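Below is one structure; the comments refer to it alone.
Laboratory data are not the source of any read-out in this text; all were calculated from the coordinates shown. If you're wondering where the values come from, they're calculated on a predicted model, not measured in any experiment. Every residue, glycine as well, gets a Cβ built from its backbone with ideal geometry; the counts of neighbours run over all protein chains shown.
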Amino acid sequence: MSQERGTASVAEALRVVHGIAPAERDRIVGSWRRLDNRLRSFAAGTVELQLTVKERDTASQRTTLEAWIAGQPRLVATSAHANLDEALAEVREDLIRQIADAKNRTEPRNSRSRRRTLPDPDDETGSMWPDGSQWG
């Protein structure tokens, strides 16, 4: 994945800590295009991803994908699938969902206090909101 206009990417952000061979990293990066697309909304260097697979190829295999994104809380996606490909897909999709949720929580349209504007002085009712609640 190449960086476009200085945006974050899986290729630059992913660190494989345990349970994945270095040769497998490129295959993972290539299969995580959806996550790569989601990360493009962040500046390059503001995202760190860490992938860990414990007890690989056993029934108790545990896959963890952690994300540190500037200005956001740490995000953690886990999977208990014994099949590595299924586990990787699950943590990828869970992290995409968590990133979308975190971005939605911080956008002004989801925070009434951030949306407020001054009331219209020509409004005879003196209310700002359609539900009749008053300014302030």
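Label sites at Arg33 and Ala70, each approximated as a point 7 angstrom past Cα along Cα to Cβ, lie 2.8 nm apart. For region 4-103, the fraction of C-alpha pairs farther apart than 21 angstrom is 27 percent. Modelled label positions at Ala11 and Lys103, each set 7 Å beyond Cα in the direction of Cβ, lie 2.0 nm from each other.
Derived scalar couplings between HN and Hα for region 76-81 equal 9, 10, 10, 8, 10, 4 Hz in order, rounded to whole Hz, by the Karplus curve 6.51 cos²θ - 1.76 cosθ + 1.60 (θ = phi - 60°), x for Gly and Pro. Using θ = phi - 60° in the Karplus curve 6.51 cos²θ - 1.76 cosθ + 1.60, the 3J(HN,Hα) couplings for region 87-102 round to 5, 5, 5, 5, 5, 4, 5, 5, 5, 4, 4, 5, 5, 4, 4, 5 Hz; x is entered for Gly and Pro.
Only beta bridges with both residues in region 10-107 are counted; by DSSP, about 75 percent of them are antiparallel.
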